[in-house]
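The values are calculated or read from the model by the stated rules, or taken from the named source; none is laboratory data. Being a predicted model, the structure only gives us computed values, none of them experimental. Cβ: placed from backbone, ideal geometry, glycine included. Neighbour counts: every protein chain shown. Quick note on the areas: whole protein, heavy atoms, side chains included, nothing else; ligands and nucleic acids left out. Shrake-Rupley method; radii C 1.70, N 1.55, O 1.52, S 1.80 Å.
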Amino acid sequence: MTEKMSIRMSGLGGQGVVTAAHILGMAAYKDDLQVTVNPFFGAEKRLAPAESYVRIAQEPIYERGEILYPSLIMVFHPHVITMGKSYTMPFFDGLEAGGTIIINSASALDLSEEERDNLAKLDAQVHYVPASEVAMGVSGTHLSTNIAMLGALYRIQQRPSLDALESAMVERFGGSKFVASGSTAALDDAVKEKFAKVSQMIEKNLEVIEKAGESMFQQTH
Amino acid sequence: MLQQQVRSPDYLFFEAEKKKHFLSGSEAVREAIRKANVDVAISYPITPQSESMHLVGDLFAEGYVKEYFRGENEFAVMSSVSGAAMAGVRVFTATGGPGTMRAFEMFPVWAGSRLPIVCAFLTRGINSPLTIQPDTIEMAFLLETGMLMLHAETAQDLHDMLLKAFIVAEKTEVHLPVGVFADGFFVTHTKEILQIPDADSKLPPYDPHCAPVPPMDMESVPVRQMRDPFVMKSNFISYAAHASWQQEIEAAQERSRKHLERYLGGLVETEHEDAEVLLITSGTAVSQSREAMRLCRQEGLSVGLVKIKSIRPFPSDELRRLAAGKYAVIVPELNRVGWLAKELKARVDDPRRVIGAPRVFGGMTMPAHLIVDEIRRVLQ
Amino acid sequence: MSTRIVSIAPAFEDVMPKEYKELVENGPYGKDYKVTDLGKYKELIEEHPLCAGCGLALSLRLVLGSLPSPEDTVIVGSTGCSALVFPQVGLHNVHSLFGNQNAVASGIKRALSLRFPDQVKDVVVVAGDGATADIGLDMVMQSWFRREKIATIMLDNEAYANTGGQESGMSMEGTVMNMAPKGKVFPKADLPKVAEAAGCAYVAAASPSRPGKLGKVVRRAILIAREVGPTYVQLLSPCPTNFKTKPSDTVVTIKAREKEKRFKQYEYISDDARSFLSALEDGKRSEGKQPEGKQS
Ligand SMILES: Cc1ncc(C[n+]2csc(CCOP(=O)(O)OP(=O)(O)O)c2C)c(N)n1
Ligand code: SF4
Ligand SMILES: [Mg+2]
């Protein structure tokens, strides 16, 4: 990896946007990369817009806070785009030229002509992944949608490594008491309830990652 | 709970082997307090501080902190920690933004009572309009409360400054409260890489007999002070009492300099200090300035950086020297009022060279390119 | 506190003020004096700057004369007339701010329990009605909710006296006062009932018109707070200056109030407190002179 990755994840509260960022960040850390992770700065409410930001690089990272000029945008829910459930409008605002977008949707979204024009001008690479369907199909819960999104990211970037992702998930769900925020901790408990054993959960999540990668498709402008 | 060994502050700060961790700012608070040998911690929720005090609560449950409870509001919390400190134990608390304002009446009392309270101010905006986002405006209000004020840029700073704060606060010749400030969210909720010593060591316990005023424990002679308290009549004795006491607090702040210099490695930190244009700031505005400096230097612009670590005492001499002869001094700030620019202007030889910009506040990050724009504008 | 701490080093005997020597030789530290002993020993307070005939001064003298362990008592006051007395009281005492007395006391109590786990350390709040029932009510009640082991004593002069006689929540309905130019439009707050509901193990209302009773309830409140839970004592202590009564009539004023049925003594003892008290009183009867409730 030579390029700095500046990732903006947009979704709805409760989808695990913040958790996904933490797992990704932890994995990058385990791969000995420089990394900072932060959630959006606001009140956390279910189904309200939620964002988180991950910066990964080989060089030291100075900047903090929300990422205004991402190289990668991950949209965890179609409503972010179709219903404007986002603090960042349009959803690709600030995307670097040639940047990548990953959208959770089973079918390509009906983007406006203006949106398509702008994406074309940016030479944006738009990928889709049916993350919710994969999550439901493999692990029987939409709560691993965020993991499916990480699977799609892995498919494209191959970084951080799969091993690192796995051990990041073990660390996150395996009982180490990390508290991102009050509400996120409550969500963790909900996830854990769904799985008898953490190891089983990790196994399922790895399968989610793989399946998500396999079910991606691209949209041309 | 880990078996912990009491080690000297110098061991913990300078000699202990440090290990790499990936932590949020809130977790950095927990790791500092785990090693700080705190007796009493009192909490009250406010975003973005709450996670820190949740984690301190966990430390209490594990046995690292001896006493912990949730107070009823910030004014009460700041009152209760003052009571505990007066009665001779090491205390810790944290708040931010509206919590700071709610508690305000207590802060001058802390310094006035010479209490070595350590408080983390995890800063945020102040209403109205309603905000919970990062902003450092509360620091403007706290400047003259008599407390020492350290400003962390990163989770690493937050961890290190908290531990060091206890030791500086408790020096007999200082014995003042220390506020350790970190920008809410940008530090508290950001996970980053830190190097910290293991938790098998902890600071020596607080010794209440190092206090310049006796602890309130009825273990020393209860002195009858006077029949007619000063407050009953304005007169020379009343003036003299206040003048000497308040100046003594100022003097105690001054006496903290040498300790802060040693423990923090200086009240400021510089990079390319010979450059034509200097960015001078504190907190996470330093991080954004680092990126701006990197971008500018890539273009061949002569830009340097000064990070201010201690706001009280203020590094006046250092900054006057550094600012002397510069083409411009740019002070980016995460608040509307520009309190840091005002502080600087009051101290440098040529205040006209100090530019209080950019200012971002009320909820968003400070884009590095805003700082770059300001540098370009100045150099044109 | 061991009495050794207050005793004077021989080398300093000739330079110590007479006042201090008397306190050491004939003061109440380590003794078990009661209100009935007043006048026989050097008191913790003798002179004070309050108005002649002040009800607070009367109550304070009696409170200080009723402390079960003065050598291990820390008093937390609040802004108001009574705060002017504490600088000359021979006990560690704290004045922090107006209204935060119970929050400060909570911190002190917790810290002293950590530092002296096997030693009695009584923390007693003594504050005005404004401090207790108005500006500090949340912190007073919250300390009760939390079951902080502190005794809270209100010196109730039914006004903000220190600032010139304004209406307080404890003023009587109808009274014309500063800031109540048409008379107070709501009744006196029933803080004893509030204290009971908020979890106090012991609640009492008394006044300096009956010193013996006052001494008894203060003592009970402190002993119960030490062992069982929070306690509250409300002492009607009229302010002759602001209510324009004759300084020599303060006790008369209280008695008149009693006669008009506008004030009455009151005592609530929770079950836990009651069994503690009877154990204490039985123990005293069988052990003879052992000071009540002392542990160290
Ligand atoms: C925050 C604050 N508000 C107001 C005051 C002014 N003040 C000082 S004493 C006092 C009245 C105290 O009344 P009370 O508690 O009943 O005591 P008293 O003087 O009647 O004994 C007031 C309002 C203050 N010191 N601090
Ligand atoms: S004003 Fe009233 S309460 Fe205050 S000292 Fe004078 S008589 Fe006592
Ligand atoms: Mg009053």
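Charge dipole (Cα centre; +1 on Lys/Arg Cβ, -1 on Asp/Glu Cβ; no other charges) of region B:5-208 amounts to roughly 180 debye.
Heavy-atom accessible surface of the protein assembly as shown, averaged per residue, reaches 39 Å², computed with a 1.4 Å probe.
Computed over region B:5-208, the alpha-carbon pair-distance distribution with 10 angstrom bins reads 10, 39, 39, 11, 1, each value a whole percent. The ellipsoid equivalent to the alpha-carbon distribution of the protein assembly as shown has semi-axes of 59, 31, 26 angstrom, derived from the gyration tensor eigenvalues as √(5λ) and listed largest first. Rg and Dmax, both from the Cα atoms of region A:62-120 and both in Å, are 11.8, 38. Distance distribution note for region B:147-296: the fraction of Cα pairs above 25 angstrom is 50%.
Taking the protein heavy atoms of region A:4-219 in the context of the full set of protein chains, the accessible area attributed to carbon and sulfur is 48 percent at 1.4 Å.
As a size descriptor, the averaged projected area of the C-alpha convex hull of chain C was calculated at 15.9 nm². With Rh defined as the Kirkwood radius, the inverse of the mean 1/r over Cα pairs, the Rg/Rh of region C:1-135 is 0.98. A Gaussian network model of chain A, with springs between Cα atoms under 10 Å, assigns the largest mean-square fluctuation among A:Glu51, A:Glu114, A:Glu66 to A:Glu114. Taking chain C as a Gaussian network of alpha-carbon nodes connected by springs under 10 Å, the highest mean-square fluctuation of the residues C:Leu67, C:Leu155, C:Leu38 belongs to C:Leu38.
Taking 19 Å as the straight-line reach from the Cα of C:Lys259, the aspartates and glutamates in range (excluding those fewer than 8 positions away in the same chain) are C:Asp156, C:Glu158, C:Glu173, C:Asp249, C:Glu267. Applying both filters, DSSP loop and at most 10 other Cβ atoms within 10 Å, to the trypsin sites (Lys or Arg not before Pro) of region C:131-216 gives C:Lys182. So, counting K/R as plus one and D/E as minus one, what does the shell of residues with Cβ under 13 Å around A:Ala50 add up to? Result for the local shell: +1. Rounded to the nearest 20 debye, the dipole magnitude of the protein assembly as shown is 2580 debye, with +1 charges on Lys and Arg beta carbons, -1 on Asp and Glu beta carbons, and the Cα centre as origin.
Considering only A:Ile73, A:Leu33, C:Ile108, and ranking their Cα positions along the charge dipole of the protein assembly as shown that arises from unit charges at the beta-carbon of Lys, Arg, Asp and Glu, the one farthest toward the positive end is C:Ile108. In this structure the amide hydrogen of C:Gly128, modeled in the peptide plane, comes within under 5 Å of the amide hydrogens of C:Ser78, C:Leu155, none closer than 5 places in sequence on its chain. Taking 27 Å as the limit for the C-alpha separation, the pairs A:Lys4/A:Lys45; B:Lys18/B:Lys345; B:Lys164/B:Lys191; C:Lys149/C:Lys244 exceed it in the case of A:Lys4/A:Lys45; B:Lys18/B:Lys345; C:Lys149/C:Lys244. Chain A and chain B together bury an accessible surface of about 2600 square angstrom, both sides counted, with a 1.4 Å probe and no ligands or nucleic acids included.
In sequence order, region C:235-247 has phi-based couplings of 10, 5, 9, x, 10, x, 5, 7, 9, 6, 9, 6, x Hz under the Karplus curve 6.51 cos²θ - 1.76 cosθ + 1.60, θ = phi - 60°, and Gly or Pro positions carry x.
Put simply, the Cα atoms of region A:1-153 extend 39, 39, 30 Å along their principal axes, the longest span coming first.
Projected over all directions and averaged, the alpha-carbon convex hull of region C:1-72 occupies 5.5 nm².
Solvent-accessible area of region B:250-341 (1.4 angstrom probe, protein heavy atoms only): carbon and sulfur portion equals 44 percent.
Each Lys and Arg Cβ is given +1 and each Asp and Glu Cβ -1; about its Cα centre, region A:4-219 then shows a dipole of about 500 debye. Eigenvalues of the alpha-carbon gyration tensor of region B:239-313, scaled by 5 and square-rooted, set the equivalent ellipsoid semi-axes at 36, 12, 10 angstrom, largest first. Dividing the summed helix terms, -39500 (n - 2.57) for each DSSP H run of n ≥ 4, by the number of residues in chain B produces a 222 nm estimate of -11500 deg cm²/dmol to the nearest 500.
Summary: within chain C, the longest segment free of GluC sites (Glu not before Pro) located in DSSP loops with at most 12 other C-beta atoms within 10 Å is C:48-172.
Electrostatic bookkeeping for B:Glu271 treats Lys and Arg as +1 and Asp and Glu as -1; over the other residues with beta carbon under 9 Å from its beta carbon, the sum is 0.
Ordering B:Ile167, B:Thr136, B:His189 by the projection of their Cα atoms onto the charge dipole of region B:5-208, which places +1 on the Cβ of Lys and Arg and -1 on the Cβ of Asp and Glu, puts B:Ile167 at the extreme positive end. Against the empirical curve 2.2 N^0.38 Å, the C-alpha radius of gyration of region B:75-156 lands at a ratio of 1.10. Note that region B:18-29 has calculated 3J(HN,Hα) couplings of 10, 10, 7, 9, 10, 9, 7, x, 4, 5, 5, 4 Hz, one per residue in order, obtained from phi through the Karplus relation 6.51 cos²θ - 1.76 cosθ + 1.60 (θ = phi - 60°); glycine and proline are x. The DSSP beta bridges internal to the protein assembly as shown are antiparallel in roughly 35% of cases.
Comparing B:Tyr239, B:Tyr263, B:Tyr68 in a Gaussian network model of chain B where C-alpha atoms under 10 Å apart are linked, the largest mean-square fluctuation is found at B:Tyr239. Quick one: net charge of B:Ile375's neighbours, Cβ under 14 Å, K/R +1, D/E -1? The answer is +2. Going by a ≥ b ≥ c, the root eigenvalues of the Cα gyration tensor, does region B:107-209 fall in the rounded group (a/c under 1.5), the prolate group (a/b larger than b/c) or the oblate group? Oblate, because a/c is 1.5 or more while a/b does not exceed b/c.
Per residue, the convex hull spanned by the Cα atoms of chain B amounts to 148 cubic angstrom. Quotient of the Cα radius of gyration of region B:268-379 and 2.2 N^0.38 Å, N being its number of residues: 0.94.
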